Amino acid sequence: MCFFERQFELPTNEYFNAMNSEEQDLTEAQLLRLNAEKQLKARQKKTVKPEMGIDEKRLMHELQVHQIELEMQNEELCRANEVAETALRKYTMLYDFAPMGYFTLNAEGKIEDMNFTGAEMLGDRRFSLMASNFKFFISVEDQDVFETFLAKVYAGISKESCKVRLGHYKNPLRYVYMEGVVTGEERNCLLSVVDISGF
């Protein structure tokens, strides 16, 4: 919920398009001030103020303009927050329900994050698999392939790939194609896994 109540109408796109070239050359802060001044004038026409001295009028004017600026900035922040929340929901849906497995591994190969498809590939629930070492789910015959793959990913800056068999406990082996790349300050490996057993 926004801190300020909606007490005014923000300028529309048509309003900004109609501004003269002089206004378009203003900085964002100057434009905010200009719009706040206009809104204050519109408000003052509707109210009758008692007589005040020049200094009092100047101080009152500055306070009123500043309040309107804060209200406008708050409205903009609220809109930006709504856009960010919508984008986050879309990203989460795309990540969690993607048809391929997505994993985030640290340098030791431990799982730090994964989507639902990835958890299904490993045969367990996502929260149960967190902090597990991914190599435990690689077949014994392909352990060396995976370790070489992970070493290459962390040694370079380009994407690496390999094919291995996944299997754990009673889960049947399945062939998968993996691609990995290291990104970010934490130097985690972003791993995508596709089931190619049927190909």
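Looking across the stretch 130-163 at every residue that is farther than 24 Å from Gly198 by Cβ and among the small types (Gly, Ala, Ser), the one that is surrounded by the most Cβ atoms within 10 Å (Cβ to Cβ) is identified as Ser132. When the stretch 110-122 is filtered for residues that are assigned to a helix (DSSP H, G or I) and surrounded by 15 or more Cβ atoms within 10 Å (Cβ to Cβ), the ones remaining, listed by number, are Phe116, Thr117, Gly118, Ala119, Met121, Leu122. Listed conditions (1) surrounded by 14 or more Cβ atoms within 10 Å (Cβ to Cβ); (2) under 15 Å from Met178 (Cα atoms) are all met by Pro99, apart from (1). Taken together, Arg43, Arg89, Arg6 contain a single residue that is more than 30 Å from Glu120 (Cα to Cα) and either assigned to a loop (DSSP other than H, G, I, E, B) or modelled with pLDDT of 90 or more (or both), which is Arg6. The set of residues in the stretch 126-182 that are at pLDDT 90 or above, aliphatic (A, V, I, L, M) and outside any helix (DSSP H, G or I) comprises Met130, Ala131, Ile138, Val164, Leu166, Val176, Met178, Val181, Val182. Pull up the stretch 183-199, narrow it to residues that are within 23 Å of the chain's Cα centre (by Cα) and assigned to a loop (DSSP other than H, G, I, E, B), then point me to the one that is farthest from Thr104 (Cα to Cα). So, considering only residues that are within 23 Å of the chain's Cα centre (by Cα) and assigned to a loop (DSSP other than H, G, I, E, B), the one farthest from Thr104 (Cα to Cα) is Glu185. Go through the stretch 142-157 and give me each residue that's of a type in the set (Asp, Glu) and touching a strand residue (DSSP E or B) at 6+ places or on another chain (Cβ under 7 Å). Within the stretch 142-157, Asp142 is the sole residue that qualifies. For Ala107, the criteria (1) part of a helix (DSSP H, G or I); (2) at pLDDT 80 or above hold in every case but one, which is (1).
The values are calculated or read from the model by the stated rules, or taken from the named source; none is laboratory data. Because the structure is a prediction, the values reported are computed rather than measured. FYI the Cβ positions are ideal-geometry reconstructions off the backbone, even for glycines, and counts take in every protein chain you see.
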